[in-house]
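Report on the structure given below.
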Amino acid sequence: MPRLLLLLPTTTYRAEAFLEAARRLKLDVVVGSKRAAMLDDLGDALFLPLNLHDLDEAVRSVVEFARATPIDVVVGVDDHTTVVATAISAALGLPHNPVPAVAAARNKHRMRELLSEQGVPVPRFALFSVDDDPEVLVAPSPTPLSIAFPCVVKPISLSASCGVIRANNRDEFVAAFHRVATLLEKLGRETVGEGAGKILVEDFVPGREVALEGLLTDGELQVLALFDKPDPLNGPFFEETIYVTPSRLPEAVQREIASCAARAARALGLREGPVHGEVRVSDRSVWVIEIAARSIGGRCSRTLRFAAGMSLEEVILRHALRMDMPSLAREWRAAGVMMVPIPRAGMLEEVRGREEALAVPGIEDLEITAQPGDELVPLPEGTRYLGFLIARGKTPEAVETALRDAQRQLDFIITPAPVQSQRPRAMSF
């Protein structure tokens, strides 16, 4: 029976789906993480304590463990654990992407360097230190980068729009720069990793944003899904809310998006496994915003169902183990997810309207992941959502309508939090 080493961060929404896929495939599972207490149900899985923020130590620990308990495949579920999984796979002699390619996919600056070198359209960009004076960066005198407005200020190693801020002028740029620098300091090096102390500034690209879910096999990209994001993402913050598939974009545009994503994966050196891309479609081109060597985050993968009832996680595990793969055709119905946004900062006291939301035609599931007593921090400092709504319907329009109608049924009772307690939480996307 094949054995899977599943690497999980201390906070994640992805554990349940991967563990369920492993059970369906009858895999032996070893969970590698900092502590077992963060998992509600490991089932029959073994637990291997790993310090995933010390790459060399994690690799040594797994290699020693594998001498007595052989590992057939290593899978990470987010940007950081995917890098660790790749390094472990290399040490064990298992098939893997090049470690530098996966590391570049996590580093927004290095990613843009490689894509730009290969002619893949990316916004004009420059990297700065948190110690740089933003007043000087936008001073009238010439600088290495002439910052154009509007621009976007962001960390290089966080996800789900955490710390991403649009600036339309000099004053907004200075405020955004300081705000991102403060966020990085509060989150700490363990969370931001190599992005500690670094801030990326890039041109704002207008247009519609879409997400691509794909699978690489020997360097060839197969698109599994293309999600429209019907809510405009124009700033000042970039909170994602609704994803709907199939896309309503013209077929020619969809082909261009797929081609651009494939070129981006090649430019990074990625050849195997899942990829998740974020692209902007403007009047002039398709622009790559992100290309990650992992699958979609949060509970969003629940929107995707493939032949024989396969989940996205089962597809990923089958692919990694070179198991027989049923058709990757998705079910015929449109599907979508709403990442329920945090309306304001404070302490969550109560959630009302759940039954009413679930009664909306087309709504399949509602999961409120925030708990009463939790402190809620909106973007750009926030690192979590209130929960997830899943809908299915005959058309993308019907799915989008169902998600919006269900959200209107929800009422979140939030009370003010003490000022000193309002701080970013651990990443949980």
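The values are calculated or read from the model by the stated rules, or taken from the named source; none is laboratory data. Quantities reported herein were computed from a predicted structural model and do not represent experimental measurements. Glycine gets a Cβ as well: all are built from the backbone with ideal geometry, and neighbour counts include every protein chain shown. For the accessible areas, the whole protein counts, side chains as well, though only heavy atoms, and no ligand, DNA or RNA atoms are used. Shrake-Rupley method; radii C 1.70, N 1.55, O 1.52, S 1.80 Å.
When you go through (1) under 18 Å from the mean Cα position of the chain (by Cα); (2) within 21 Å of SER161 (Cα to Cα) one by one for VAL223, which number turns out not to apply?
For VAL223, the failing item is (2).
If LEU215 satisfies every condition in (1) modelled with pLDDT of 95 or more; (2) out of contact with any strand residue (DSSP E or B) (no Cβ under 6 Å at 6 or more places or on another chain) but one, which is the exception?
Condition (2) is where LEU215 drops out.
Looking only at the range 382-397, filter to residues that are assigned to a loop (DSSP other than H, G, I, E, B) and either free of Cβ contacts under 8 Å to residues at least 24 places away in the same chain or open to solvent by 20 Å² or more (accessible area, probe 1.4 Å) (or both); which one of those is nearest to LEU249 (Cα to Cα)?
Per the criteria, the residue is THR395.
Restricting to the range 333-381, name every residue that is small (Gly, Ala, Ser) and open to solvent by 30 Å² or more (accessible area, probe 1.4 Å).
ALA345, ALA359, GLY362, GLY373
From the list GLY362, GLY353, which residue is at pLDDT 95 or above and either touching a Cys at 6+ places or on another chain (Cβ under 7 Å) or closer than 18 Å to GLU400 by Cβ (or both)?
Of GLY362, GLY353, the one residue that is at pLDDT 95 or above and either touching a Cys at 6+ places or on another chain (Cβ under 7 Å) or closer than 18 Å to GLU400 by Cβ (or both) is GLY362.
From the list LEU328, LEU321, LEU312, exactly one residue is open to solvent by less than 10 Å² (accessible area, probe 1.4 Å) and touching a strand residue (DSSP E or B) at 6+ places or on another chain (Cβ under 9 Å). Which is it?
The conditions single out LEU312.
State the number of residues belonging to the range 58-93 that are under 15 Å from LEU6 (Cβ atoms), open to solvent by 20 Å² or more (accessible area, probe 1.4 Å) and at pLDDT below 95.
Selection size over the range 58-93: 2.
Could you tell me which numbered condition HIS53 fails, if it satisfies all but one of (1) farther than 28 Å from ALA267 by Cα; (2) surrounded by fewer than 17 Cβ atoms within 10 Å (Cβ to Cβ); (3) at pLDDT below 95?
(1)
Considering the range 267-308 alone, what residues qualify as being on the phi > 0 side of the Ramachandran plot and at pLDDT 95 or above?
Of everything in the range 267-308, those that are on the phi > 0 side of the Ramachandran plot and at pLDDT 95 or above turn out to be GLY269, GLY273.
Considering ALA90, ALA45, ALA68, which residue is touching a helix residue (DSSP H, G or I) at 6+ places or on another chain (Cβ under 8 Å), free of Cβ contacts under 8 Å to residues at least 24 places away in the same chain and more than 26 Å from ALA160 (Cα to Cα)?
ALA90
Please work out which residue is modelled with the lowest pLDDT, limiting yourself to the range 28-49 and to residues that are in a loop (DSSP other than H, G, I, E, B) and either open to solvent by 40 Å² or more (accessible area, probe 1.4 Å) or touching a Lys or Arg at 6+ places or on another chain (Cβ under 7 Å) (or both).
Per the criteria, the residue is ASP40.
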